[in-house]
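Everything below concerns the one structure shown next.
Bear in mind these aren't lab numbers, they're just calculated from the coordinates by the rules spelled out. What you are looking at is a predicted structure, and each value in this text was computed from that prediction instead of being measured. A quick note on method: Cβ atoms are made from the backbone with ideal geometry, for glycine too, and the neighbour counts reach across all protein chains shown.
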Amino acid sequence: MSVLEQFNLDGDTAIVTGGNRGIGKAMATGLSEMGANVVIANRDGEAGQQAADEIASTTDQETRAVPTDVTDEDSVVALVDETVDAFDSVDVLINNAGVAFHKAAEEKSLEEWQTTIDINLTGAFCCAKYAGLEMIDSGGGSIINVSSMSAFIANYPQKHADYQASKAGLEGLKTQLASEWAEYGIRVNNINPGYVNTGILSDDPEERQTWKDEMLQTEFAKPEDIAPLAVYLASDASSYVTGESVTIDGGYTVR
Ligand code: NDP
């Protein structure tokens, strides 16, 4: 198989949580461009359907939206069931859904802490569990968690201890799942972006300038800058890569 052919996803089915906008939409588009059937799983059903229609119209691949809340186990079970009913398998899961709320640790309520952990970490485990059961049945797959460089560093000046903990948690989850599920042919890897220009970023000009001052690149990443790495980790091109975290941050963490 040629190198290019190894990136082909023809006939594969990928679930992308939070695939309706931002990084998730760019990854969903990339997977679809490479031939995958894509299922977009986010809470706002209308936004999900709109993104699915838009992607299908540009790539001509099967694309669906299944309204999903990753913190609700029944909703995740229904997502996986609907995906298998429609496409027979789940070959790729991208755990991308995530939130970030800026508030100092000493002011954060336990409820606020728990909300972030539920979406960013427990939601990823729940989706991995039910997609993983299908992958075990069908002989393998690729799970990709969208973590963050925040898994490894403190962010400044924004304050979000819950976010940092959730992303660090994804590191442990990835390592352990890669180990436990290797025997089933399931690879598990993380993508750790730096600052990407999406709605999750604060629009405070001073904060944004502080971040830019720390970067080797002059601009924040675009969501489309992250998509090729998702295609690589989803495809046979990365068949020997598992249990890894790949930082893609424009050199932010170099200094
Ligand atoms: P966005 O805010 O644009 O996207 C977040 C997505 O998550 C939305 O599609 C949202 O859809 C979905 N979502 C939130 N909560 C839930 C839920 N309970 N169930 C299902 N879907 C949910 O942000 P980004 O694209 O920037 O973020 C995507 C991922 O990338 C996140 O995990 C984030 O932490 C990570 N990341 C982002 C960076 C950045 O600089 N932008 C840097 C490093 C990591 P809906 O509200 O309809 O449910």
Exercise. Under 5 Å between amide H atoms, partner at least 5 residues away or on a different chain: which partners does residue 186 have, H built in plane at 1.01 Å?
Worked result: 141
Problem set entry | Environment charge at residue 103 (Cβ cut-off 13 Å; Lys +1, Arg +1, Asp -1, Glu -1) | -3
Exercise. About the Cα centre of the chain, what is the dipole size in debye to 20, counting +1 per Lys and Arg Cβ and -1 per Asp and Glu Cβ, all else neutral?
Worked result: 780 debye
Exercise. For the Cα atoms of the chain, what angle does the longest principal axis make with the long axis of helix 45-59, in degrees from 0 to 90, nearest 10?
Worked result: 60 degrees
For this session: Please give the helix 22-33 orientation as an angle from the longest Cα principal axis of the chain, in degrees from 0 to 90, rounded to the nearest 10.
Result: 20 degrees
Exercise. Suppose every K and R has +1 on its Cβ and every D and E has -1 on its Cβ; what is the size of the dipole of the stretch 9-154 about the Cα centre, in Debye to the nearest 20?
Worked result: 560 debye
Problem set entry | 19 Å Cα-Cα threshold exceeded, pairs from 129/159; 159/222; 103/167; 129/174; 159/212; 108/159 | 129/159; 159/222
Problem set entry | In degrees, nearest ten, helix 123-138 long axis to first principal axis of the chain (Cα) | 20 degrees
Seminar exercise, completed: Of 59-69, 179-189, 195-205, ordering from highest average Cβ density within 10 Å down gives 59-69, 179-189, 195-205
Exercise. What ranking do 208-219, 26-37, 241-252 get when scored by the average of other Cβ atoms within 10 Å per residue, highest first?
Worked result: 26-37, 241-252, 208-219
Seminar exercise, completed: the stretch 27-49 scanned against label point 7 Å out from residue 10 along Cα→C-beta; backbone N under 19 Å for 30-38
